[in-house]
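Shown next, in structure tokens, is the structure this report addresses.
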Amino acid sequence: MIIGIVLAVSAFLVAVDQLLKVWALQTLAGGPSILVIPGLLQFTYVENRGAAFGIFQGRVGLLSLFTLAVIVVALILLIRGRLRHPLLMWSVGLIIAGGVGNLIDRVFRSFVVDYIDISPLFSFPVFNFADCCVVIGTAMLAVYMLLIDGRKKPNGTQASGDSDE
């Protein structure tokens, strides 16, 4: 049951991501940034032809294959019930959503549409909603690995009072 909900939410998040990118393409491309919160947030159109922080520029095929492999493995683990803890399922669902959102861009546009710009506050690359999904999902995965899975005893049992279910 929860797997179906996680996949449905992931699909919804992909749709939100794509709608935001269409908005960015129609509203921001070729125009000035839109100031949202002075000194903190603006929307700036950027075509990212690489990966995080612009690495692997021009390697759309390689990035697409890697992203597809991660998505397929994550889906298989999720659908086959190999991920049992709810935090683990939701973290993987977010990573899938973000990966699919950016994969759609790479396959159909040859670049990822970025538009969230916090550079007035921090010197940080422009990013998008799909990136937020991947980062939040990865943070949740790290919490799971460090605080839940990491507390298991070597024989596979849980430390005092913990439960995977």
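The values are calculated or read from the model by the stated rules, or taken from the named source; none is laboratory data. On a predicted model such as this, the values are computed, not experimentally measured, just so you know. Backbone-built Cβ (ideal geometry, glycine too); neighbour counts: all protein chains shown. Areas reflect the complete protein model, heavy atoms only, side chains present, ligands, DNA and RNA absent. Shrake-Rupley method; radii C 1.70, N 1.55, O 1.52, S 1.80 Å.
What to note about this one:
- Principal-axis tilt of helix 60-79 within the chain, Cα atoms, nearest 10 degrees: 30 degrees
- The longest part of the chain holding none of the exposed loop trypsin sites (Lys or Arg not before Pro), meaning those outside H, G, I, E and B in DSSP with at most 13 other Cβ atoms within 10 Å, is 1-79.
- Taking the C-alpha atoms of the chain, convex hull volume expressed per residue in Å³: 142 Å³
- Taking the C-alpha atoms only, the angle from helix 2-27 to the longest principal axis of the chain is near 10 degrees.
- Rolling a 1.4 Å probe over the protein heavy atoms gives segment 1-150 an accessible area of 55 Å² per residue.
- Accessible-area value, I2, 1.4 Å probe, nucleic acids and ligands omitted, Å²: 60 Å²
- Only Lys, Arg (+1) and Asp, Glu (-1) charged, at Cβ; segment 1-157 dipole about Cα centre in debye: 680 debye
- Angle in degrees between helix 86-109 and the longest Cα principal axis of the chain, rounded to the nearest 10: 30 degrees
- Per-atom-type breakdown for the chain gives carbon and sulfur 71% of the accessible area (1.4 Å probe, protein chains only).
- MRE, 222 nm, helices only [DSSP H, n ≥ 4, -39500 (n - 2.57), over the chain, to nearest 500]: -18000 deg cm²/dmol
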